[in-house]
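The values are calculated or read from the model by the stated rules, or taken from the named source; none is laboratory data. Keep in mind it's a predicted model, so treat the numbers as computed, not measured. Glycine gets a Cβ as well: all are built from the backbone with ideal geometry, and neighbour counts include every protein chain shown.
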Amino acid sequence: MTIMKKLLTPLLAIFLVLGFTATNADGAKHKLVIQVSTDDARTQKIAMNNAVNLQKLYGVDNVDIEIVAYGPGLKMLTKKSQYADRVKSLAMQDIKFSACMNTMTKMKKKLGHLPALAEGVGTVKAGVARIMELQEEGYSYVRP
């Protein structure tokens with residue numbers, strides 16, 4: 001065994017036994033809000049992939065992620081969406097999904113009823129306001 005392996009193997013074992021936690025420099029959880037405001041399926045998929053990749057990198061317990069959808073992007077969070085099952089699954093993995101009530105109200109005028117949301121999706125009064133509030137709470141912002 002090389003000298004490097006002899007030095008690194010015990011360190012790796014300690015990290016595995018004690019559990020490695022990746023947090024901010026101040027010891028707090030990482031926090032991210034992801035905006036989805038387009039009906040482009042590729043962009044919606046990228047938003048969810050970004051969330052999953054961050055959870056893999058930092059660990060589920062070390063990152064808070066909220067995906068906020070409004071405008072045309074809200075369709076991603078409906079039961080009729082091609083991503084309804086994935087949204088449900090990710091919501092069970094501690095990724096929060098928030099649908100804009102302003103957009104839903106506008107959709108109601110067109111549909112005659114509020115759109116049915118996928119399981120695990122919550123609502124917020126206004127998507128843009130929610131993003132602003134989360135940024136004020138220290139969330140980083142991504143728009144794929």
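Summary table
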{"quantity": "Complete set of residues in the stretch 86-132 that are at pLDDT below 95 and among the small types (Gly, Ala, Ser)", "calculated": "GLY112"}
{"quantity": "The stretch 46-98: number of residues that are touching a residue at least 60 places away in the same chain (Cβ under 8 Å) and more than 18 Å from ALA118 (Cα to Cα)", "calculated": "3"}
{"quantity": "Residue identified as out of contact with any strand residue (DSSP E or B) (no Cβ under 8 Å at 6 or more places or on another chain) and aliphatic (A, V, I, L, M) among MET76, MET92", "calculated": "MET92"}
{"quantity": "Wholly enclosed strands (runs of 3 or more DSSP E) of the stretch 41-144 bearing at least 3 residues charged (D, E, K, R) and surrounded by fewer than 14 Cβ atoms within 10 Å (Cβ to Cβ)", "calculated": "none"}
{"quantity": "Residue match in the stretch 11-18 (condition: modelled with pLDDT under 95, in contact with a helix residue (DSSP H, G or I) (Cβ under 8 Å, 6 or more places away or on another chain) and loosely packed, with under 13 Cβ neighbours inside 10 Å)", "calculated": "no"}
